[in-house]
Structure formats: structure tokens, C-alpha cells
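The values are calculated or read from the model by the stated rules, or taken from the named source; none is laboratory data. Being a predicted model, the structure only gives us computed values, none of them experimental. Virtual Cβ from ideal backbone geometry, glycine too; neighbours counted across all protein chains shown.
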Amino acid sequence: MTLKIVEDRPTPKEVYNWRPYFLALIAAWGGVLFGYDSAFIGGTLSLPSFSHQFGLDNMSTSEKSFTSANIVSTYQGGCFFGAILGLFVAEKWGRRATLLGSSALFCLGAGLMLGATNKLGIFYAGRIIGGFGVGGISLATPLYIAEISPPSIRGRLVGFYETLLQIGGVIGFWINYGVNQGVAPTAKQWHIPVSLQLIPGGMLLIAGVFLKETPRWLFKAGREEQAIKNLSWIRNLPHDHEYVQQEIHATRSQLNREMALARDHGFMGQVRELGKPGVRNRLGVGMAIMMFQNLTGINAINYYSPTIFKSIGITGTNNGLFATGIYGIVKMITTFVFLFWLIDLVGRRKPLIYGSVGGSFSMFYIAAFIAIAQPKEGDKATAAGRSTPYMVANIGYGTYLFFGACMVLMIPWVIFVLPETKGVSLEDMDELFGYVAPENNQRRASPVGFTNDEQKAEVIHEEIAGQSTDRNV
């Protein structure tokens, strides 16, 4: 199915070539790493061989819950600090270097986990280092893809990351089901899902060599010749083509404003800039989206899905892992539908609204089921609540009510606060959010608000023609 391409300026058909898709697919491969780990670890914790190897089967229920929570949280802590470190690495050495370095860290972490026979400390270390790698990847991948993508297909290309994340999740869910069914409960049983992390990690490390650095970062680093060369290759157009020249001009203008701000106002001036209209609301939108994403409860379900299903009465390791696999397939299919058919057709706001409605209904339904059907206490003893970690144990069905209520709150927030970014270039985000740069007199006339594409192109073309001839374009 071919979707109509809409952009805020005339776009040559050559721009929509295989190259941005190829680069985005390589960068987004990091999603497989994140998705696989999010999915496999919960099932692996429930495998008899893992429990026996690390002594979980000899622990009390509270000790086992505490250890399971540690195994998950050490990874999440690594992700947190890896994302922070990845930001500095991406700015100093580039997006490509961040992806390569992060994938190497992930492989190192997976190797440590695989070699952690009877030693939880080494397993924790592997989780932390692997989390560092995934944190850097989760920071660099959307940044890389957004910077190399034409505006009208940016949502689709950035969505590759989420799609591959879901594919990795499905693989992780079903790998555990397969080894529980077909592999004897020896060390080999848990070694298989742990060792399989090395395959996507190694593939990203090898394929990442073929990535081209983003033109935007190269311009920022002062490597203009290479930036123009990369941009021309990605857009499949000669460097002197009007479309390429427009993009060069827009990127330069944006970066000039950013550098002037840093030069004239210093670090604290940049911090104060975060409080200005057009910046604070943009920062708030980004933080709120991530907050709501976590408050949907999806991360808890991903990490502890086998025990989550036990809490609603699905007993037995096989049944829990099977239900988890079905859950992963449903997530993957819905991600495909929104990515390839809807995200660049209906925009970003509507899927968030529809997803919030569907998700809240599901959570309320589960809460009602637990409250009315009341699964056996024996099932609850090992329920998700005891390892999610302790929220479900203390609240029971109230946890699902909480997650459902958070998704209900998300609906009016999206309707009244979240702007639509479909088809808006990165350089025009300032205009969308109402940001007025300090160097306002140097700012180009924005195409946003013009009545037709010809007017937009004419204004930008005139500005390009008026640039000093000594500029290296």
C-alpha cells in the first residue's frame, strides 16, 4: 500500500529513495536489542534452570522478588546513565560513533551475563553494562534517524525503531517458551536466551560501519564538505540542486542560532533558554510523553509478563510463557499497522488518543476481572505483584486501575496540549512551538503559514540566492 507523501515544500521524487530507509533500518536495529531484553528477562527468571543455577529456588518469596527486581533494575539503571552519557558522546563524536560504541558495550554485557555461572554479582554487572549500551542506542537511534529523514516520512522511519523493538520482544517471548518446552532444565536452558542477545548486538556492530554520519552533526562539527556530500547522497540529488540547497540553508540557519546562543550567553544562558516560551513547552511535551508512556504500565508488563499472567489466573510456566508470546504478537501487529499505514497519514496525535482509549479499557477490564473473579490465592502468591516489584502485591487490581486512569488523563493532554508534527521539518519546529530566537533578525522567513508550495519555495530560493558567494556550498 502506497501512502500519499505530503511535505511543506515541493519535494523531488528522488528524495524518496532506498538510502534513508537503508540507513534508518541499520540504526533502528538497536530496537531489537532493547525489545529482546525487555521480553526475554522476565521469562528467563521463571525458567527452572535459572532459578536453580542462581539459587532463587531456595530463597523465600520476598528474597526471590527482591533478587528479580534487582536483575531488572540494574539494567534499567544502566539504561538511564547510558542515555545521559550517550548524549555527550553523540554531541562530541557523532551519532554513528555513539551507535557503534553502545552496541559494543551491549555485547560485552551479554558476554558477562552468559559467563556468570552461580555468580549473581557478575550477572548484575553484565546487566548494568548491557543497559549502558541500550541507553546509548535508545538516545542515538531516534536522533540519527530524525536527522537523515525527509520530513514527510520521518515518522515512518523513526517508527522503524519501535517496530524492531516489538519484533525483538516477540522473539524474546517465544524463545523462552521454546526452551521451556524443548530444552532440559540444565544451564543450557537459560544460556540460550541469554546468548541470543549477541546476535542482534553483533549485527548492529557490523552493519553500523556502513552508516553515514548525519549531515546536521557534520555541519555542527565544522565538516561542511563531508556534510554536503552525505546530504547529497542521502537525498539522491546533486549538491547544487535547489532542494539540497534549501536544506543546507535551513540547517545552517538553525545551527548558527544555536551556536550564537552558546557563544553569547554561555552554559547558564542555554539553561535559562529552557525556561523561555517555545522551549519550555517543547521540553515539557517531550518529558510528558515519556512519563505517560511509563505510566501506561507497559514496561512492567514487558519485564514481568509471565508472572503478570499468573496474577490473573493463568497457571503453569508454559501457559504463562505462551500467553506472553501472544501478547508480544499483538503488540507487534498493532505497531506495524500504525507505522506503515497510519503514522504519516493521520499524524501523531490521533494514534496517541486511540491508543490511550484502548489501553485504558484493557486495564479497567483486567482490574474488574481480578476484583470479580478473584483468582486463587495460590496463584497470587507468585503473582506479578510480588516482583513488579511490590505495587501489585500491595494493591492488587488497584494497580491496573491506576494504569488505566493514567491513560485516561493522557487523552485530554494530547487533545489540548500536544501539537501535530506531521510533515514539519526539524528546522521549523521553532515556529510550531512559538519560539523566538535571540537572533530573530537573522532568522529565515518560515514556510509555515504560506498558502502554497510555490510561495514557500520562492521565498527560500530568494534567501539562498542572496547568501554571500564565499560560503562553502
Next on the checklist: Please list, ordered by residue number, the helices (runs of 4 or more DSSP H) wholly in the range 149-219 having 3 or more residues that are among the polar types (S, T, N, Q) and either at pLDDT 95 or above or in the same structural domain as I129 (by TED's automatic domain parsing) (or both).
Outcome noted: 154-182
Checklist entry - Does the range 112-125 contain at least one residue that is closer than 29 Å to F160 by Cα and of a type in the set (G, A, S)? => result no
Next on the checklist: Tell me yes or no: at least one residue of the range 220-242 is part of a loop (DSSP other than H, G, I, E, B), hydrophobic (A, V, I, L, M, F, W, C) and touching a Leu at 6+ places or on another chain (Cβ under 7 Å).
Outcome noted: no
Checklist entry - Within the set of pairs 6+ apart or on separate chains, which have a first residue in the range 175-197 that is in contact (Cβ under 8 Å) with a residue 12 or more places away in the chain, a second that is charged (D, E, K, R) and buried (at least 22 other Cβ atoms within 10 Å of the Cβ), and C-beta atoms under 7 Å apart? => result Q197/D37
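For the range 272-386, please list each of the helices (runs of 4 or more DSSP H) lying entirely inside it that holds at least 2 residues being loosely packed, with under 13 Cβ neighbours inside 10 Å and at pLDDT 70 or above.
On the way: elements: 280-295, 298-311, 317-337, 343-346, 349-373, 377-380.
In the range 272-386, the matching helices (runs of 4 or more DSSP H) lie at 280-295, 317-337, 349-373.
So that you can scan it fast, the table gives a plain yes or no per residue for (1) in contact with a Phe, Trp or Tyr (Cβ under 7 Å, 6 or more places away or on another chain); (2) more than 18 Å from L139 (Cβ to Cβ); (3) in a helix (DSSP H, G or I):
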position	(1), (2), (3)
E63	no, yes, yes
V72	yes, yes, yes
G77	no, no, yes
F80	no, no, yes
Item to check | Selected residue [more than 23 Å from R19 (Cβ to Cβ) and among the acidic types (D, E)] from E247, E273, E225 | outcome: E273
Next on the checklist: Condition (residue is hydroxyl-bearing (S, T, Y), part of a helix (DSSP H, G or I), touching a residue at least 60 places away in the same chain (Cβ under 8 Å) and farther than 21 Å from G172 by Cα) applied to the range 93-106: is it met by at least one residue?
Outcome noted: no
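Name the one entry in L204, L211 that is surrounded by fewer than 22 Cβ atoms within 10 Å (Cβ to Cβ), under 30 Å from V134 (Cβ atoms) and aliphatic (A, V, I, L, M). Reasoning before the result, please.
Details: L204 fails: surrounded by fewer than 22 Cβ atoms within 10 Å (Cβ to Cβ).
Sole residue among the options that is surrounded by fewer than 22 Cβ atoms within 10 Å (Cβ to Cβ), under 30 Å from V134 (Cβ atoms) and aliphatic (A, V, I, L, M): L211.
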Next on the checklist: From the list I137, I167, I148, exactly one residue is surrounded by fewer than 24 Cβ atoms within 10 Å (Cβ to Cβ) and of a type in the set (V, I, T). Which is it?
Outcome noted: I167
Item to check | Single unsatisfied condition, V89 versus (1) free of Cβ contacts under 8 Å to residues at least 24 places away in the same chain; (2) more than 24 Å from G172 (Cβ to Cβ) | outcome: (1)
